[in-house]
Structures are given as structure tokens and as C-alpha cells.
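Everything on this sheet refers to the single structure shown next.
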Amino acid sequence: MCAFAGHAFFAGMKKGALFVNTARGALVDDEALIGALASGHVAHAALDVFTTEPLPSTSPYLKLANVTLSAHAAFKTRRASTRLLPRGMSLAVEELCKVGEVVPAGGAIDSAG
């Protein structure tokens, strides 16, 4: 697997470090993180995203006491829904327009609803 956070990444962390991933599950080599957690090199991991979603009931993460799991819901808050999500969508449309992929109908996205 070619992931950003693999064996070398975790080995390079200070012993006892905490690891948080709310970005993308594919960024993490699960085997490497599970090994680092099991050995204690990584003291704790908080994960909101996984390589396979939903997380299978057979996942080794479920057996580790030093892991906090959430169901890919860290972004689902009132603030995210009313402020961050519309702004993120607007930025995405702007970037796509720059490369000629999208022409928004009616102009900018209205974040007010």
C-alpha cells in the first residue's frame, strides 16, 4: 500500500505521540498504524475516516483500547452545515471554473440558502 502515513511515518513520530485522522482513510496504512498502536509507539489514535467505510466489524481497530473511533461524522455539525460547507462548495466551484470544467448557472453559490 502507498499511503502518506505508513511504517516510516509512524516510526518517525515521537514515542507516545497521538495521531488524528479526519481527512481521508486512504492516507493511512492501517497495518502500520495498528502496529504502532499495538507496540505503544503511538499512544492513541482518533479516527473519523477509514480505508473501508463503514468500518467492518472485524477491524482490528475495534479491539484496541487506545483508539477513539467516530462514524465519519466530525464534519456534521450545525456550524459546518451553515458556514463551512457552503464556503467549501463555493471554493470548489471557483477552482473548477478556473480549469474550465464547470460554469455555474446563475453565478456564485448562495450560502444563505
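Bear in mind these aren't lab numbers, they're just calculated from the coordinates by the rules spelled out. In this text, all values refer to a predicted model and were calculated from it rather than measured experimentally. Every residue, glycine as well, gets a Cβ built from its backbone with ideal geometry; the counts of neighbours run over all protein chains shown.
Remarks
- Computed FRET value (nearest 0.05) for His72 with Lys15, which takes r as the C-beta separation and R₀ as 35 Å: 0.75
- Loop-located trypsin sites (Lys or Arg not before Pro) in segment 1-75 (DSSP state other than H, G, I, E, B) with a sparse environment of at most 15 neighbouring Cβ atoms within 10 Å: Lys14, Lys15, Arg24.
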